[in-house]
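What follows draws every value from the coordinates through simple rules; no lab data is involved. Here the structure is a predicted model, which means the values were calculated and not measured. Ideal geometry is used to build each Cβ from the backbone, glycine not excepted, and the neighbour counts take in all protein chains shown.
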Amino acid sequence: MTVVGIVVFFGLLMASIALHELGHLIFAKWFGVRCPQYMVGFGPTVRSWRRGETEYGIKWIPFGGYVRMIGMLPPRAGDPEGALRKSSTGRFAQLVDSARASALEEVGPGDGDRVFYAKPWWQKALISFAGPLMNFLLALVFLGAALMGIGVREPSTTIGTVAACVVPATETGRGCTPADAPTPAAAAGLRPGDEVLAFDGTQVTTYRQFQGLIREAAGRPVTLRVVRDGQTLDLATTPIANQVNDLADPTKTVTAGFIGITPVREFVRQGPGDVLAQFARMTTVTLQAFARLPEKMVGVWNASFHHAKRDIEGPVGIVGASRIGGEVLASHDEAKGKAALFLMVLGSLNFGIAAFNMVPLLPLDGGNIAGALWEGMKRAFAALTGRPAPAPVDVAKALPLTYVVGAVILFMGLLLVYADLVNPIRLGG
């Protein structure tokens, strides 16, 4: 079942990447940019087919994809036709010239208005943003399906288990002995399946309310009204003072009322506001993760080569994410729980893909977006001051940095793949 889960999750993840690239393609074609290729994967082509002017295909290395648009880089200043009249001196300058030549070699005589660099700044920004936007939308769809379609487990007012005896917090996990006193719930005759209606005359509507009432009643006799097999019963009990987890901070304990029960946890469907709130929480968590990425990658390195424990909150690659998805489907949880967690993981990964691509550095989408916005600002300033409209922003000048960023991303990707194979993150920690 784990293998099946890995294959299913990996397939859905690659479909998400394919839709990311489709977002770029749709907007590029909408704005008239010629797109010779749309590919899912890298390396040699497995299969391809042509529709109109675009070749669609699948490649052997399934860790990404791309849309090739003509004229991603503008011609060098002074070369209006795009022909490089002489080679620049210097290693980086020659690399830039080579990249320009590669970007312009497919530009034909009739493509003057179909090149990416010649489009209005806002169109270039939208084309670049369309990929991350697709992943943001997929994240919303997956989160919505999980939270609104299935729901989240919440404790109910139905009793799930009744502890037979009071065991000290320091000895949790052992069985009862004759010296152990029965819990107030056991002494009162409460049973699993009883639904609590009232606590000492106060109507109970949620488990959290019920829990608070118990904690406030240590040492005081109370009456519980429950429904059992269709009959209403009043049961007398006296909560005892015990060390229990602090509701505000579960890592701490407090002395409060205790009767010895756990609730049935039921799936409760959430509303659109809860989905948006989860989206906002993911934004905060992602920004915090980006701020600590260098530190986290050091942890991945140590987990890969020094047998350190893998940080469950650290970065994960496509291989590791697929493995987690397989573990979810192979877990012993009920079908609803598996489906909800599976969708949440997919939603989180799509959000992560989108957020990472929004980093304003080439070769990421955010780099092109930043270049387009900068061009828009320059043109707005020129219009306000009565100056001629400036030429398109020459993102080729940032290529030396782009190569460095690309090398770092490649290194991180390979390190994550290796770590996910030799020391993967597991759901059990």
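Can you tell me the dipole magnitude for the stretch 153-268 around its Cα centre, using point charges on the Cβ only (Lys, Arg +1; Asp, Glu -1), in Debye to the nearest 20?
Numbers: 10 positive and 12 negative charges, 13 e Å.
Dipole of the stretch 153-268, to the nearest 20 debye: 60 debye.
With no other cysteine's Cβ closer than 4.7 Å, which Cys residues of the chain count as lacking a disulfide-compatible partner?
By the Cβ distance rule, which asks for a partner under 4.7 Å, the isolated cysteines are 35.
HN-Hα J couplings of the stretch 230-246 from phi, Karplus 6.51/-1.76/1.60, θ = phi - 60°, integer Hz, Gly and Pro as x?
For the stretch 230-246, the Karplus curve yields x, 10, 8, 10, 10, 10, 8, 8, 10, x, 9, 6, 8, 7, 10, 5, 6 Hz.
Which of 238, 284, 224 sits closest to the plus end of the dipole of the chain, meaning its Cα is farthest towards the positive end, when Lys and Arg get +1 and Asp and Glu get -1 on the C-beta?
Selected residue: 284.
Could you pull out every one of the lysines with an alpha carbon less than 28 Å from that of residue 309, ignoring same-chain neighbours closer than 8 positions?
In chain and number order, the partners are 252, 296, 338.
Which of 364, 321, 354 sits closest to the plus end of the dipole of the stretch 293-384, meaning its Cα is farthest towards the positive end, when Lys and Arg get +1 and Asp and Glu get -1 on the C-beta?
Projecting each Cα onto the dipole axis, the largest value belongs to 364.
Taking the Cβ of each residue in 24, 307 as the centre, tally the other Cβ atoms inside 10 Å and list the residues starting with the fewest.
On the way: 24 27, 307 9.
Fewest-to-most ranking of 24, 307: 307, 24.
Sort 205, 385, 286, 183 so that the residue with the fewest other Cβ atoms within 10 Å of its own Cβ comes first and the one with the most comes last.
Details: 205 11, 385 7, 286 17, 183 24.
In order of increasing Cβ crowding within 10 Å: 385, 205, 286, 183.
Treating the beta-carbon of each Lys and Arg as +1 and of each Asp and Glu as -1, no other charges, what is the dipole magnitude of the chain about its Cα centre, to the nearest 20 debye? Don't skip to the end; give the middle numbers.
Numbers: 39 positive and 33 negative charges, 234 e Å.
Magnitude of the dipole: close to 1120 debye.
If packing is taken as the average count of other Cβ atoms within 10 Å, what order do 8-14, 129-135 fall into, highest mean first?
On the way: 8-14: 18.1, 129-135: 23.1.
Taking the mean over residues of other Cβ atoms within 10 Å, the ranking is 129-135, 8-14.
Anything in the chain that counts as a DSSP H helix reaching 27 Å or more along its axis (C-alpha) with Kyte-Doolittle mean of at least 0.0? List them, would you?
Taking the DSSP H segments of the chain (at least 27 Å long, mean hydropathy at least 0.0), we get 2-30, 121-144, 272-291, 335-357, 365-385, 399-422.
Can you return the lysines within cross-link range of residue 124? Criterion is Cα-Cα under 20 Å, with same-chain partners fewer than 8 residues away left out.
Output for residue 124: 29, 378, 397.
At R0 = 51 Å, how high is the FRET efficiency between residue 306 and residue 51 if r is their beta carbon distance? Nearest 0.05 is fine.
Details: r = 50 Å, r/R0 = 0.98.
Using R0 = 51 Å, I get an efficiency of 0.55.
Need one number: % antiparallel among DSSP beta bridges in the chain, to the nearest 5. All intermediate terms of the calculation are to be shown ahead of the outcome.
Numbers: 39 of 43 bridges.
Among the beta bridges of the chain, antiparallel pairing accounts for roughly 90 percent.
Sort 35-41, 238-244 for me by packing, meaning the mean count of neighbouring Cβ atoms within 10 Å per residue, highest on top.
35-41, 238-244
What is the gain in length, in nm to one decimal, between residue 236 and residue 93 on full extension, counting 0.36 nm per residue of separation less the C-alpha to C-alpha distance? Intermediate values should be presented prior to the final figure.
Numbers: separation 143, 0.36 × 143 = 51.48 nm, distance 8.55 nm.
Separation in residues times 0.36 nm, less the Cα-Cα distance, equals 42.9 nm.
Got the relative contact order for the chain handy, in percent, Cα pairs under 8 Å and 6 or more residues apart?
Numbers: 710 pairs, mean separation 84.5, N = 429.
Relative contact order comes out at 20 percent.
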